[in-house]
């Protein structure tokens, strides 16, 4: 979830690269070797930008982080079939809204494990209703508070799933075709862009690329789409490549 964009500038003194968490499958030592290599300058720039973007919210502020002790705010709509109308997805959405109110400009709500290579029907029954309720209530909450036009909601996974069920009653990785969701940030609601073929294996109409998604997000945040950054060899690289904003959303 992205709050109002503000222009970023590099900060001095130098970076604190030790604050970068290593990606999955790597130790801090092996990742440190990569960071200290030819791309260390790029990591330094990244960290200065992150540090400039916004001061971290006060972790001692109960209005921001102590979600569970507030019985008044409705996290999920009644009738969702969830215990007491509450769920970690809704709690995460509520916390995200509070963090944006406190000054955060980018918040990620992690909705758990969706890699359903087996028993996908049962597992989606556990994931989809609370996700649907959390997003719907977040949109309504932001709208009621006058924040919806200033906050972009982007919901996506890494890729789609195979059109056919595998031998374990699950679906495997499938990058050819999948859907994402946008809300708020000036995006018009109720729009469907593109379509898949009958089984969802390929795009039938109006394909959209990951670069197009980036260009759309940057457009909402006011980031110039002609912005370039030098790579390790000094060659300018576009932040969106061939991506174009999805104009049907506006």
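Taken together, the values in this text are just the output of simple stated rules run on the coordinates, not laboratory data. Keep in mind the model is a prediction, meaning the values are calculated, not measured. Neighbour counts run over all protein chains shown; Cβ positions are idealised from the backbone, glycine included.
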Item to check | Two-site label geometry, residue 165 and residue 199: point separation in nm, points 7 Å out along Cα→Cβ | outcome: 1.5 nm
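So what's Rg/Rh here for region 94-144, counting alpha carbon atoms and using the Kirkwood radius for Rh?
Numbers: Rg = 13.8 Å, Rh = 12.7 Å.
Answer for region 94-144: 1.09.
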Checklist outcome for this item: Among region 166-181, those whose backbone N falls under 13 Å of a label point 7 Å along Cα→Cβ from residue 127 are 170-174, 179
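Round to the nearest 0.05 the FRET efficiency obtained for residue 113 and residue 226 when R0 = 45 Å and r is the Cβ-Cβ distance.
About 0.70, to the nearest 0.05.
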Checklist entry - For the residues 125, 248, what sequence is obtained by ranking on other C-beta atoms within 10 Å, fewest first? => result 125, 248
Checklist entry - Order of 113, 89, 218 from fewest to most other C-beta atoms within 10 Å? => result 113, 218, 89
Checklist outcome for this item: Fewest-first ordering of 105, 137, 242, 216 by Cβ atoms within 10 Å yields 242, 105, 137, 216
Next on the checklist: Given axes a ≥ b ≥ c from the Cα gyration tensor, I'd like to know whether region 155-249 is rounded (a/c under 1.5), prolate (a/b larger than b/c) or oblate.
Outcome noted: oblate
